[in-house]
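K.L.:
Okay, handing you the structure first.
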Amino acid sequence: MAESLGVDEIIATLLVERGVTTFEEARSFFRPSLDQLHDPFRMKDMDRAIARINDAVRRRERILVYGDYDVDGTSAVALVYSYLRSFHRNIDFYIPDRDIEGSGISFKGIDYASETGVKLVIALDCGINAMEQVDYANSLGIDFIIGDHHLADGDRLPNAVAVLDPKRADCPYPYKELSGCGIGFKIVEAHQEQRMGVRLCDNPDLLDEVHREKRQDLKLRLLKYLDLVAVSIASDIVPIMGENRVLASYGLKVINTHPRPGIEAILTYGHIDARTEEERMEHPEDKSYFRKELGIADLVFLVGPRINAAGRISGGSAFDSVRLLLSDNPVQASMLAEEINRYNNERKDLDSAATEDAKHRIATNPEMMAKKSIILFDENWHKGVVGIVASRLVEAYYRPTIIFTRSVVDGSLTGSARSIKEFDIYAALDQCRDLVMHFGGHKYAAGVSVSPENFEAFKQRFEKIVEEQLAEGDLAQDIEVDAEIDFGTQITPKFLRILKQFSPFGPDNNVPVFVSHDLVDTGYARVVGSKHLKFAAISLTARSRAYPAIGFHLGEYYRKVKSGTPFTLCYTLEENYWNGRTDIQLNVKDMKLEEEGSN
């Protein structure tokens, strides 16, 4: 690979680790193109879905676009609704209320469809297991198209006109990891292709000039929707390889060059700042900021939570998130973003309080500290933040975690589950099927509801499953290192230039982590922000330049680093922008001082 591509062997190693093993695969990886997208009509039932949509448009039937209340669901609704509304005005959208209806397709939502004369519902990011709900809709004369990306619970599927889900057992679609919004995009792609009489998968060399122009026009028409797909890919933590890599790459380009008013307003309230975190800590009085080029991490931490917030907090509504994403009026978008930002601030307060409460319970309970899983219940914890709390506890304790609160609707205990890479939490919940009311999700994240009388039995069985499947060593979180790197010879401008082309980063394509040995500080180490270590590292054994480094939460190493103790660093490489200057910086993930031994 190194020879065929003319790159450093470390770059070739990074590619092979990501499943890229040929020159052609490397070219596709480094040059994502819409030409690489798969034919949407390869998805099972896509032809039936497009035919039913065409019938609805021809008959001027009322269409309802239905989606879940999270980022993936609301972005999917905004995408499909905005596309259909561009040529079909008899259309509406619906988002279920988290507290009253829960996630997925609700009977209340179907009743709303019936009351408003809807004849076709397009459900996105949900519905793969909604057998009873779809049967109820059929009895009312309402057809369903399901567009989901979750696993089906068994072999049975809803009795819908079309069930679009790459994960269904009989679906030949070659890429299985699309987000819910990604499924929505494939519906739009398929419909637009049929309307224009040309497909993205057509070989342009075999088309006449008219069809080549049509194909180029098709690309431009689809491009404007990819910002929403990129936000969903980032927020739903799906792999950023294959088709998702293409969609995310183009979506980020749209966001960084021509963001829609709703996303622009979110970025304004998110105070996107090109300075690094330690620079902001050192100069807190400087409130100025300028827009940097956004990556997947910015969508995960700055955009996604705000879109999510309206559907999580009492008094808010995920309808506002959809309206924000649909808005083409900057003034209206700014007003909606301001309201959603208030919900996000409230969400952060509730999240912080519940997390600290949970950590206190764990720390003061030796029996809980000794368990391999964490299951906690408090009826005062807000339903909208239990998933976030579960994620924070996994980060802190690295245990499969389920956080429960009480449903205000039926009194059941409703929980969010998060897991570690060594444990399939969806499979574990499946083994507790007889003790739960319902559950759904993925290998690492799921939702579950349990009746109060079954809670203790569920807790005991779940913890027993975890105890049997996880060894003690599985609970020690590892940092996976991609390669060992030499300070003196291997950090070059060309190396960094190619490394940047690995973006967008995310699951299955994380930012490469390197390790270097026999390093020392140049003598200017200091602690910033009370607990973060800032220093400059240089090789002790080979001639090299010194590189500035920041180690978040590594302030405890300050005295030994300052004294000249040699160390090994585990880090990522990043560009640091400050006062108009760009420099290479090490973002230190962990460090090992020489006297600490070899483990």
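K.L.:
Could you work out [θ]222 nm for the chain from helices alone, using -39500 (n - 2.57) per DSSP H run of at least four and dividing by all its residues? Round to the nearest 500 deg cm²/dmol. Before the final figure, lay out each step's value.
P.N.:
On the way: 22 runs with 243 residues, N = 599.
It comes out at -12500 deg cm²/dmol, rounded to the nearest 500.
K.L.:
Also: Across bins of 10 angstrom width beginning at 0, how are the C-alpha pair distances of segment 290-409 distributed, in whole percent?
P.N.:
Reading upward from the zero bin: 12, 36, 30, 17, 5, 1.
K.L.:
Could you pull out every residue, at least 5 positions away or on a different chain, whose amide H is within less than 5 Å of the one on D143? Hs are placed 1.01 Å off N in the peptide plane, and Pro or chain starts have none.
P.N.:
L120, V121
K.L.:
Turning to a different aspect of this structure: In nm², what is the average projected area of the convex hull enclosing the Cα atoms of the chain? Don't skip to the end; give the middle numbers.
P.N.:
Values: hull surface 117.8 nm².
Dividing the Cα hull surface by four gives the mean projection, 29.4 nm².
K.L.:
Under a plain spin-label model, where a point goes 7 Å from the Cα along Cα-to-Cβ, how far apart in nm are R526 and A427?
P.N.:
5.1 nm
K.L.:
Let me ask something else about it. Give a quick list of trypsin sites (Lys or Arg not before Pro) in segment 146-227 that DSSP marks as loop, anything other than H, G, I, E or B, with at most 10 other Cβ atoms within 10 Å. Show your work: numbers first, answer last.
P.N.:
Values: sites: R156, K167, R168, K176, K186, R195, R199, R212, K214, R215, K219, R221, K224; in loops: R156, K167, R168, K176, R199, K224.
Here the trypsin sites (Lys or Arg not before Pro) that fit, given the DSSP loop and packing criteria, are R156.
K.L.:
Below 8 Å, C-alpha to C-alpha, sequence gap of six or more: please give me the relative contact order for segment 441-599 in percent.
P.N.:
Working: 231 pairs, mean separation 27.8, N = 159.
Relative contact order for segment 441-599 comes out at 18 percent.
K.L.:
Going by alpha carbons, how many degrees (0 to 90, nearest 10) lie between the helix axis of 46-59 and the longest principal axis of the chain?
P.N.:
Around 50 degrees separate the two axes.
K.L.:
Right, next: Compare the Cα positions of L5, A537, A445 along the charge dipole of the chain (+1 at Cβ of Lys, Arg; -1 at Cβ of Asp, Glu; about the Cα centre) and return the one farthest towards the positive end.
P.N.:
Positive-most Cα among the choices belongs to L5.
K.L.:
Could you order peptides 411-420, 232-241 by the average number of other Cβ atoms within 10 Å of their residues, highest first?
P.N.:
Numbers: 411-420: 22.1, 232-241: 24.7.
Going by the mean number of other Cβ atoms within 10 Å, highest first, we get 232-241, 411-420.
K.L.:
Determine the principal axes of the Cα atoms in segment 405-481, then give the extent along each, sorted from largest to smallest and rounded to whole angstroms.
P.N.:
Sorted largest first, the three principal extents are 47, 22, 17 Å.
K.L.:
Further, regarding this structure: Could you tell me what percent of the DSSP beta bridges with both partners in the chain are antiparallel, to the nearest 5? All intermediate terms of the calculation are to be shown ahead of the outcome.
P.N.:
Working: 44 of 70 bridges.
That works out to approximately 65 percent antiparallel.
K.L.:
Let's test the formula: R0 of 25 Å, r as the Cβ-Cβ distance of A370 and E395. What FRET efficiency results, to the nearest 0.05? It would help to have the intermediate numbers written out before the result.
P.N.:
Working: r = 20 Å, r/R0 = 0.79.
Efficiency at R0 = 25 Å is approximately 0.80.
K.L.:
Shifting gears a bit: How large is the accessible surface of S530 in square angstrom, using a 1.4 angstrom probe and rounding to the nearest 10?
P.N.:
Counting only protein heavy atoms, the figure is 110 Å².
K.L.:
List the trypsin sites (Lys or Arg not before Pro) in segment 515-562 that DSSP assigns to loop (not H, G, I, E or B) and whose Cβ has at most 14 other Cβ atoms within 10 Å. Which are they?
P.N.:
Sparse-neighbourhood loop trypsin sites (Lys or Arg not before Pro): K531, R543, R545.
K.L.:
Taking the Cα atoms of segment 346-468, what is the range of coordinates along each of the three principal axes, in descending order and whole Å?
P.N.:
Here the Cα extents, ordered largest to smallest, are 35, 34, 25 Å.
K.L.:
For a label point 7 angstrom out from the Cα of T565 toward its Cβ, which stretches of segment 498-518 have the backbone nitrogen within less than 19 Å?
P.N.:
Hits in segment 498-518 for T565 at 19 Å: 516-518.
K.L.:
In whole angstrom, and with the biggest value first, how far do the Cα coordinates of segment 150-240 range along each principal axis?
P.N.:
For segment 150-240, the Cα extents along the three principal axes come out at 48, 28, 21 Å.
K.L.:
A further question follows. If you take the Cα Rg of segment 14-135 and divide it by 2.2 N^0.38 Å, with N the number of residues, what do you get? Numbers along the way, then the final one.
P.N.:
Values: Rg = 18.5 Å, N = 122, 2.2 N^0.38 = 13.7 Å.
Relative to the 2.2 N^0.38 Å estimate, segment 14-135 comes out at 1.35.
K.L.:
Express the relative contact order of the chain as a whole percentage, based on alpha carbon pairs under 8 Å and six or more residues apart in sequence. Working shown, then result.
P.N.:
On the way: 1108 pairs, mean separation 62.1, N = 599.
That works out to 10 percent.
K.L.:
Would you kindly calculate the mean projected area, averaged across all directions, of the convex hull enclosing the Cα atoms of segment 449-559, in square nanometres?
P.N.:
Numbers: hull surface 48.6 nm².
Across all orientations, segment 449-559 yields a mean hull projection of 12.2 nm².
K.L.:
First compute the accessible area of the chain with a 1.4 Å probe, then give the percent of it belonging to carbon and sulfur atoms. Mind dumping the intermediate values first?
P.N.:
Details: 13020 of 26820 Å².
After summing per-atom areas, the C and S share lands at 49 percent.
K.L.:
Under 5 Å between amide hydrogens, which residues at least 5 positions from D590 or on another chain qualify, with H placed 1.01 Å from N in the peptide plane?
P.N.:
C570
K.L.:
Taking the solvent-accessible surface of protein heavy atoms with a 1.4 Å probe, what is the per residue accessible area of the chain in Å²? The partial results should precede the final answer.
P.N.:
Numbers: 26820 Å² over 599 residues.
Ligands and nucleic acids excluded, the result is 45 Å² per residue.
The values are calculated or read from the model by the stated rules, or taken from the named source; none is laboratory data. Since the structure is predicted, the reported quantities are computational estimates derived from the model, not experimental observations. Here the Cβ is made from the backbone with ideal geometry for all residues, glycine too, and neighbour counts use every protein chain on show. Areas reflect the complete protein model, heavy atoms only, side chains present, ligands, DNA and RNA absent. Shrake-Rupley method; radii C 1.70, N 1.55, O 1.52, S 1.80 Å.
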